[in-house]
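In what follows, a single structure is set out as structure tokens and then discussed.
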Amino acid sequence: MTGTGTLIGPDGLARCPWGLSTEDYVAYHDEEWGRPVHGDDALFERLCLEAFQSGLSWITILRRREGFRRAFADFGIAAVAAFGDADRERLLLDAGIIRNRAKIDATLANAKLLATWEPGELDALIWSYAPDPATRPAPLTFADVPAVTDESTALSKALKKRGVRFVGPTTAYALMQACGLVDDHLADCAARGGGLAATPGKAPAETV
């Protein structure tokens, strides 16, 4: 897929190649990926899911997203911050999520930390690293889409400095893509610039 441009789907619309690889990806690509996401809880969800994705494919997380939401109280920061030892043990036994001890512990620690921040502080911090779209030409092929940028490296450092765990530069860039800080839909993709109608809902969520 690396050097590929857009592909034409059954509906005649051009899409990023990964967006046609499974039915789950079609909906996620068309309605969520690259669309702006705001709100501390919504961004916390995406931060957590991107961390859980580390070392895995995004489809693995996407197909478990509802399981993650059930397990983590819809990613309400205050709710997850109140989780105790029994909740941790429950999560470690929950087959509906990725039962990785380090990632679960990081999620719980991050919730406790973020619960001490001012409302809107996480949103403001993350969005302060959105690059000027004018400085980013539309990618022509998937090979033109970076995995890490100066902004994602800076965002990762800023979050780590504040005590947020499990957010390296690659995870930070995936977060930026998922939450619309950057639009990495290919130049000819029908979804670029919000070109396909979004379905209202709680969350856009992560990346390929």
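Couple of notes before you dig in:
- Residues in the range 135-146 include none that are within 17 Å of the chain's Cα centre (by Cα) and surrounded by fewer than 14 Cβ atoms within 10 Å (Cβ to Cβ).
- The listed residue being farther than 30 Å from Ala190 by Cα, in contact (Cβ under 8 Å) with a residue 24 or more places away in the chain and not aliphatic (A, V, I, L, M), out of Lys157, Lys161, Lys112: Lys112
- Count - residues of the range 134-156 that are assigned to a helix (DSSP H, G or I) and in contact with a helix residue (DSSP H, G or I) (Cβ under 8 Å, 6 or more places away or on another chain): 6
- Selection within the range 100-157 - of a type in the set (Lys, Arg) and closer than 30 Å to Pro17 by Cα: Lys103, Arg136
- Of all residues in the range 27-39, those being surrounded by 18 or more Cβ atoms within 10 Å (Cβ to Cβ) and either in contact with a Cys (Cβ under 8 Å, 6 or more places away or on another chain) or within 10 Å of Ala191 (Cβ to Cβ) (or both) number 6.
- When the test is whether a residue is within 23 Å of Ala134 (Cβ to Cβ), part of a loop (DSSP other than H, G, I, E, B) and at pLDDT 95 or above, Leu181 passes it.
- Looking across the range 89-117, the residues that are over 17 Å from Phe166 (Cα atoms) and part of a helix (DSSP H, G or I) come down to Glu89, Arg90, Leu91, Leu92.
- Meets criteria (within 16 Å of the chain's Cα centre (by Cα), of a type in the set (D, E, K, R) and within 25 Å of Phe68 (Cα to Cα)) for Lys103: yes
- Taken together, the residues in the range 101-110 that are out of contact with any Gly (no Cβ under 9 Å at 6 or more places or on another chain) and surrounded by 14 or more Cβ atoms within 10 Å (Cβ to Cβ) amount to 6.
- Lone qualifier among Arg192, Arg162 - being surrounded by fewer than 17 Cβ atoms within 10 Å (Cβ to Cβ) and not aromatic (Phe, Trp, Tyr): Arg162
- Search result, residues across the range 18-35 that are more than 18 Å from Val182 (Cα to Cα) and in a helix (DSSP H, G or I): Leu20, Glu23, Asp24, Tyr25, Val26, Ala27
- Restricting attention to the range 127-176, the residues that are at pLDDT 95 or above and in contact with a His (Cβ under 9 Å, 6 or more places away or on another chain) add up to 1.
- Residue list for the range 12-52, filter: of a type in the set (Ser, Thr, Tyr) and at pLDDT 90 or above: Tyr25, Tyr28
- Residue in the range 77-91 that is within 24 Å of Arg192 (Cβ to Cβ), surrounded by 12 or more Cβ atoms within 10 Å (Cβ to Cβ) and in contact with a helix residue (DSSP H, G or I) (Cβ under 6 Å, 6 or more places away or on another chain) present: no
The values are calculated or read from the model by the stated rules, or taken from the named source; none is laboratory data. Remember, it's a predicted structure, so these values are computed and weren't measured experimentally. Using ideal geometry, Cβ is built from the backbone for each residue, glycine included, and neighbour counts are taken over all protein chains shown.
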